[in-house]
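Written below as structure tokens is the structure these notes are about.
The values are calculated or read from the model by the stated rules, or taken from the named source; none is laboratory data. Keep in mind the model is a prediction, meaning the values are calculated, not measured. Here the Cβ positions follow ideal geometry from the backbone for every residue, glycine too, while neighbour counts run over all protein chains shown. Side chains are part of the model used for accessible areas, which takes the heavy atoms of the whole protein and leaves out ligands, DNA and RNA. Shrake-Rupley method; radii C 1.70, N 1.55, O 1.52, S 1.80 Å.
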Amino acid sequence: MSELIPLTDEMTPDLPEEEDALFPVSPEGEGPIPVVLLALDQGKFDAERSLDELAALAEANGMQAVATVTQKRSTPEAATMLGEGKVAEARLVCLNAGAQAAIFDGELTGSQLRNLSAALQVEVIDRTMLILEIFRSRATTNEGKLQTELALLRYRLPRLQGLGEALSRQGGGGGGGAGARRGAGETKLELDRRHIRRRIETLENRLEEMEKRRGETRRARRKSGVPVVALVGYTNVGKSSLMNALCGAEIFEADMLFATLDPTARRLTLPSGLNVVLVDTVGFVSRLPHHLVDAFKSTLEEAAFADVLVRVADASDPSAPEQLAVTDEVLDELGCGEIPRLTVYNKCDKAGAVSFDPDILLTSARTGRGLDDLIARLDGILSARVRRIEVLLPYDKLALADILRTRGNVFTEEYRPDGVYYAATARIDDLHHFEPYFLEQTTTPADPE
């Protein structure tokens with residue numbers, strides 16, 4: 001796996017290395033880092049549910065929420081978001097709970113991060129920084145690493161000024177002797193901004209090249225006529241588990257948020273014989289930072305180029321309807337409005353769920369419940385694209401058999417004196433290749449068995 005492009009300028013900014021965490025992490029084997037969760041409830045969303053999700057995000061990053069401090073307030077305090085009294089309370093909670101850090105459920109400016117850290121005497125991060133760190137630590141492909149670094153730099157750039165006084169020290173200027181007078185030189189803040197902008201430009205160019213290659217792959221896939229089915233949904237609803245159960249793949253899966261980030265594609269043969277590509281996409285989360293949506297847009301756009309979207313929710317989670325609402329919000333942002341969608345409530349073995357809505361499928365990747373119904377439903381949507389055919393190809397026309405193998409599915413292959421007999425499924429777009437060789441000149445719809 002290739003490394004990220006290093007800065008070529010002789011002066012390297014004083015920024016953390018790509019491999020370093022954004023904040024202290026727990027040493028291996030010493031257990032999770034205790035943290036306190038902070039929240040300002042302005043009545044704009046369900047604060048309790050958001051804090052539960054924040055605790056799960058912290059757990060996914062090797063942390064453990066030991067206490068929560070929440071304030072209901074219509075307008076935030078400019079310097080610290082929370083009021084002076086609530087900040088003092090949070091300081092005592094951090095002391096009594098032995099917290100090593102605090103996480104604010106929302107976005108903070110650089111000065112607010114600095115002010116809260118000084119007041120609480122522990123390191124403070126916000127929700128976006130936490131999600132960025134999870135993405136940074138989980139990205140495995142070169143593209144995923146570049147996307148995460150780009151999102152991180154875009155997030156840091158406007159916050160540099162408030163992160164500390166060290167960034168205001170000047171570089172250059174001063175001596176020279178003989179009464180020499182020089183300008184003060186650029187401050188470290190200006191130097192860091194310049195280098196970050198240069199790095200952002202480099203990353204954008206690299207990702208643009210990768211997006212061109214991804215576009216070529218999509219065009220080749222569309223040219224081959226293989227339909228794409230994308231699994232989309234909230235993080236940790238079991239998309240990777242569903243793919244493993246359907247395709248027999250061995251994609252990493254775990255009961256945690258953002259267990260997998262990079263899109264994974266696997267081949268799946270439907271009962272009609274149609275081959276499809278099943279794509280597992282990155283999971284969504286409520287209030288997903290726009291920095292990540294923009295940086296990962298090329299990855300998320302796998303859903304925009306799909307033929308069918310399978311919206312997956314967690315049947316055991318009472319907030320499953322809200323999960324689907326978040327999913328639809330992101331899909332609409334990506335321009336997926338016209339793509340057919342199936343709704344799947346996974347993990348029904350945990351909930352014992354019963355659905356009275358015929359448009360909702362209940363599945364369990366663990367027990368296999370509902371998987372046949374899901375495959376049959378996909379087959380019903382896509383089977384109109386193929387037909388079952390019987391052909392006798394002359395020996396000088398066997399090159400056509402490759403179309404059946406790569407774009408359809410061969411059930412029977414039999415060598416005869418006057419040619420090779422094939423019972424297969426073929427895409428409607430390919431039928432004209434075989435018309436002279438049909439047996440009894442008939443084709444039948446490839447209905448699911």
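Residues in region 363-371 carry Karplus couplings, in order, of 9, 9, 5, 6, 9, x, 4, x, 5 Hz; the curve used is 6.51 cos²θ - 1.76 cosθ + 1.60 with θ = phi - 60°, and Gly or Pro positions show x. Report, to the nearest whole %, how much of the accessible area of region 53-154 belongs to carbon and sulfur atoms, 1.4 Å probe, protein only. It is 50 percent, rounded to a whole number. Residues whose amide H falls under 5 Å from that of V228, counting only those 5 or more places apart or on a different chain, are V277, D307, V308, with hydrogens built in the peptide plane. Note that region 313-442 shows a convex hull volume over its alpha carbon atoms of 150 Å³ per residue. Once Rh is set to the Kirkwood radius over Cα pairs, what Stokes-Einstein translational diffusion coefficient, in µm²/s, holds for region 39-166 at a temperature of 25 °C and a viscosity of 0.890 mPa s? Value of D from the Cα-based Kirkwood radius: 158 µm²/s. For region 52-102, the solvent-accessible area of protein heavy atoms averages 51 Å² per residue (probe radius 1.4 Å; ligands and nucleic acids excluded). Per-atom-type breakdown for region 315-407 gives carbon and sulfur 50% of the accessible area (1.4 Å probe, protein chains only).
Of L362, V391, P318, which is farthest along the charge dipole of region 305-408 in the positive direction, counting Lys and Arg as +1 and Asp and Glu as -1 at C-beta? Going by the Cα projections, it comes out as V391.
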